[in-house]
1. So how many residues does the stretch 97-106 have that are part of a loop (DSSP other than H, G, I, E, B) and surrounded by 12 or more Cβ atoms within 10 Å (Cβ to Cβ)?
2. Can you name the residue in the stretch 92-119 that is hydrophobic (A, V, I, L, M, F, W, C) and within 19 Å of the chain's Cα centre (by Cα) and is also farthest from residue 74 (Cα to Cα) among such residues?
3. Here is a check on your reading of the model: is residue 67 in contact with a Pro (Cβ under 8 Å, 6 or more places away or on another chain) and either exposed (fewer than 15 other Cβ atoms within 10 Å of the Cβ) or small (Gly, Ala, Ser) (or both)?
4. Looking only at the stretch 14-59, filter to residues that are exposed (fewer than 12 other Cβ atoms within 10 Å of the Cβ) and of a type outside the set (A, V, I, L, M); which one of those is nearest to residue 3 (Cα to Cα)?
5. Where residues in the stretch 70-91 are surrounded by 13 or more Cβ atoms within 10 Å (Cβ to Cβ) and of a type in the set (Gly, Ala, Ser), which of them is nearest to the chain's Cα centre (by Cα)?
6. Of the conditions (1) over 23 Å from residue 2 (Cβ atoms); (2) exposed (fewer than 13 other Cβ atoms within 10 Å of the Cβ); (3) β-branched (Val, Ile, Thr), residue 94 fails just one. Which one is it?
7. Can you find even one residue in the stretch 92-105 that is closer than 15 Å to residue 10 by Cβ and modelled with pLDDT under 95?
Amino acid sequence: MSFQEAVTTVLTQKYADFSGRARRSEYWFFALAAFIAAVVVAIIDSIIGTQIPYIILVLALIVPGIAVTVRRLHDTGHSGWWYLLVFVPFGGFVLLYWSVLDSDPTPNQYGPSPKGASAAQPTQWG
């Protein structure tokens, strides 16, 4: 999945979709896009002297960010409820570890592998 496909999928097609699975590339490309957007908006905020654009960005990205994380957890065979580890000290490290794991190549309770036929052939981006 390309950078543009990942961002488009997360922001338009699966904005608040907490079911199914998300490949590593979808998750990490969206995370990269959100980081780049946050840096750009932070620069704009410092120029205009207010944090309103940054607050708007955070509010716009919180739902798709949680949704893609839940789908990524599903892809590694974990329940989306494990996302609540963000509220536990060092729980974010567990989520980080699970987010870098390779996809479960077989169908699991959350759906078929998003890699499809390419599951047998590892790719550079997961």
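1. Looking only at the stretch 97-106, we keep the residues that are part of a loop (DSSP other than H, G, I, E, B), and these are 101-106.
After this cut, where a residue has to be surrounded by 12 or more Cβ atoms within 10 Å (Cβ to Cβ) as well, the list is 101-105.
The qualifying residues number 5.
2. In the first step, residues of the stretch 92-119 are kept if they are hydrophobic (A, V, I, L, M, F, W, C); the result is 93-96, 98, 100-101, 117, 119.
Subset that is within 19 Å of the chain's Cα centre (by Cα): 93-96, 98, 100-101.
Working: 93: 17, 94: 14, 95: 12, 96: 14, 98: 10, 100: 13, 101: 12 Å.
If we take residues in the stretch 92-119 being hydrophobic (A, V, I, L, M, F, W, C) and within 19 Å of the chain's Cα centre (by Cα), then 93 is farthest from residue 74 (Cα to Cα).
3. On the way: in contact with a Pro (Cβ under 8 Å, 6 or more places away or on another chain): no; either exposed (fewer than 15 other Cβ atoms within 10 Å of the Cβ) or small (Gly, Ala, Ser) (or both): yes.
When the stated conditions are applied, residue 67 does not pass them.
4. 35
5. Within the stretch 70-91, the subset surrounded by 13 or more Cβ atoms within 10 Å (Cβ to Cβ) is 70-78, 80, 82-83, 85, 91.
Now narrow it down to the ones that are of a type in the set (Gly, Ala, Ser): 77, 80, 91.
Numbers: 77: 15, 80: 12, 91: 17 Å.
By that ranking, first place goes to 80.
6. The single condition residue 94 does not satisfy is (2).
7. Filtering the stretch 92-105 down to residues closer than 15 Å to residue 10 by Cβ leaves 99.
Next, from what is left, pick out any that are modelled with pLDDT under 95: 99.
There is at least one residue in the stretch 92-105 that is closer than 15 Å to residue 10 by Cβ and modelled with pLDDT under 95.
The values are calculated or read from the model by the stated rules, or taken from the named source; none is laboratory data. What you see is a predicted model, and the numbers here were worked out from it, not measured in a lab. Note that we place each Cβ from the backbone using ideal geometry, even for glycine, and neighbour counts take in every protein chain shown.
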